[in-house]
Amino acid sequence: MSKSTAISPDSAALAAIAAMRARLPKADPLARLPDVHPCKIPRHIAIIMDGNGRWAKARELDRRQGHRAGAESIRRTLNECGNLGVEQLTLYSFSNENWKRPIEEVTAIMELFSEQLSLEAANFVEQGVRFRAIGSRERIPFELAEAIDAVEQVTASQRGITLCLALNYGSRAEIVDAARSLATRVAKGELKPQEITEELFAASLYTAGMPDPDLLIRTAGEMRVSNYLLWQISYAELHVTDVLWPDFGVAELHCAIRDFAGRTRKFGGLG
């Protein structure tokens with residue numbers, strides 16, 4: 001689809017925009033992406049933010065500076081998703097496996113999370129952003145856990161875009177936790193095995209109540225999903241870009257959404 005081809009605001013487009021603005025007053029998708037029909041804007045975008053370290057190395061900087069530059073990309077992406085009417089943005093921020101990194105880098109990342117959450121809390125409230133975090137709280141520093149709880153609480157009633165950070169997260173662990181939870185209910189006689197459905201299982205995941213991602217973006221060119229939202233991305237469209245996360249901006253986000261909008265989602269049917 002050409003960038004220069006504007007979409008006529010038909011009744012479906014106007015209805016989609018009205019629904020977006022009911023959630024996100026500043027949403028104006030046709031002004032931001034005039035060649036993408038508003039009905040084709042993903043409801044939920046998930047991103048594997050990769051390349052902070054490579055970005056820093058290419059500039060002969062410390063890896064910690066790469067992570068700090070990556071925080072700026074989060075701000076840009078969140079803001080533009082709000083402009084486009086995206087309902088939720090979920091970011092793979094720190095995986096279970098990332099604890100294997102040098103302790104100095106892990107400590108710096110945790111401190112950066114705490115700092116940024118404290119700085120952004122007021123902005124979230126002003127902009128109507130609802131903040132959520134998914135993943136295990138085990139090993140998370142006390143100060144960071146407190147900051148997460150505080151920002152989740154102060155933004156709980158917000159009705160704008162949801163920013164969800166997958167922090168100390170691993171999808172296999174999430175699935176195992178859900179299975180254990182359901183097994184416990186069966187053992188207590190609260191539930192029969194034959195009553196376990198896909199819907200009930202999904203409601204036992206960390207992401208209970210959240211829509212499944214429509215679009216999964218991975219930066220830095222890696223062609224894998226790295227134990228991220230394995231259940232939830234079953235029918236997500238995948239978009240991989242060679243751009244490193246600190247360089248990911250509005251143009252790259254628009255490119256991913258155009259790619260998504262140009263696909264036919266069949267969900268196993270014939271379309």
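Selection of the range 181-201 for residues being surrounded by 11 or more Cβ atoms within 10 Å (Cβ to Cβ) and not hydrophobic (A, V, I, L, M, F, W, C) yields S181, T184, R185, E195. Taken as a whole, the condition of being in contact with a helix residue (DSSP H, G or I) (Cβ under 7 Å, 6 or more places away or on another chain), modelled with pLDDT of 95 or more and either part of a loop (DSSP other than H, G, I, E, B) or surrounded by fewer than 16 Cβ atoms within 10 Å (Cβ to Cβ) (or both) applies to S204. Counting the residues of the range 86-100 that are over 14 Å from the mean Cα position of the chain (by Cα) and surrounded by 14 or more Cβ atoms within 10 Å (Cβ to Cβ) gives 2. Consider the range 27-45 and keep the residues that are aliphatic (A, V, I, L, M) and in a loop (DSSP other than H, G, I, E, B). The one that is nearest to M210 (Cα to Cα) is I41. Regarding the range 64-81, can at least one residue be identified that is out of contact with any helix residue (DSSP H, G or I) (no Cβ under 7 Å at 6 or more places or on another chain), part of a helix (DSSP H, G or I) and crowded, with 22+ Cβ neighbours inside 10 Å? Yes: the range 64-81 contains one or more residues that are out of contact with any helix residue (DSSP H, G or I) (no Cβ under 7 Å at 6 or more places or on another chain), part of a helix (DSSP H, G or I) and crowded, with 22+ Cβ neighbours inside 10 Å. Of all residues in the range 11-26, those satisfying the criterion of being outside any helix (DSSP H, G or I) and either at pLDDT 90 or above or not charged (D, E, K, R) (or both) are L24, P25.
Restricted to the range 33-63, and to residues there that are free of Cβ contacts under 8 Å to residues at least 60 places away in the same chain and closer than 28 Å to Q232 by Cα, the residue that is surrounded by the fewest Cβ atoms within 10 Å (Cβ to Cβ) is C39. In the set (1) of a type in the set (D, E, K, R); (2) more than 20 Å from Y228 (Cβ to Cβ); (3) more than 19 Å from the chain's Cα centre (by Cα), R130 fails one condition alone, (3).
Within the range 117-139, being surrounded by fewer than 20 Cβ atoms within 10 Å (Cβ to Cβ) and either of a type in the set (A, V, I, L, M) or on the phi > 0 side of the Ramachandran plot (or both) holds for L119, A121, A122, V125, G128, I134, R139. Assess whether A202 counts as being free of Cβ contacts under 8 Å to residues at least 40 places away in the same chain and either under 23 Å from K100 (Cα atoms) or of a type outside the set (F, W, Y) (or both). Taking the combined requirement at face value, the residue satisfies it. Pairing residues of the range 92-103 that are aromatic (F, W, Y) and assigned to a strand (DSSP E or B) with residues that are surrounded by fewer than 18 Cβ atoms within 10 Å (Cβ to Cβ) and at pLDDT below 95, at Cβ distances under 9 Å and at least 6 apart in sequence or on separate chains, gives no pairs at all.
Give the range 68-118 a look and list any residue that's closer than 17 Å to E143 by Cβ and in contact with a Pro (Cβ under 7 Å, 6 or more places away or on another chain), or say none. Hit for the range 68-118 is M110, nothing else.
With respect to (1) free of Cβ contacts under 8 Å to residues at least 24 places away in the same chain; (2) under 12 Å from the mean Cα position of the chain (by Cα), the lone exception for D212 is condition (1). Cβ-Cβ contacts under 8 Å between residues 6 or more apart (or on different chains), taken from a first residue in the range 9-31 that is within 21 Å of N79 (Cβ to Cβ) and exposed (fewer than 15 other Cβ atoms within 10 Å of the Cβ) to a second residue that is hydrophobic (A, V, I, L, M, F, W, C) and modelled with pLDDT of 90 or more, are listed as R21/A27. The residues in the range 116-148 that are among the small types (G, A, S), in contact with a Leu (Cβ under 8 Å, 6 or more places away or on another chain) and under 21 Å from R64 (Cβ atoms) can be counted, and the count is 1.
Looking only at residues that are part of a helix (DSSP H, G or I) and either touching a Lys or Arg at 6+ places or on another chain (Cβ under 9 Å) or of a type in the set (K, R) (or both) in the range 144-199, which one is farthest from I45 (Cα to Cα)? Only one residue fits best here, namely V186.
The values are calculated or read from the model by the stated rules, or taken from the named source; none is laboratory data. Everything numeric in this text was worked out from a predicted model, so none of it was measured. Here the Cβ is made from the backbone with ideal geometry for all residues, glycine too, and neighbour counts use every protein chain on show.
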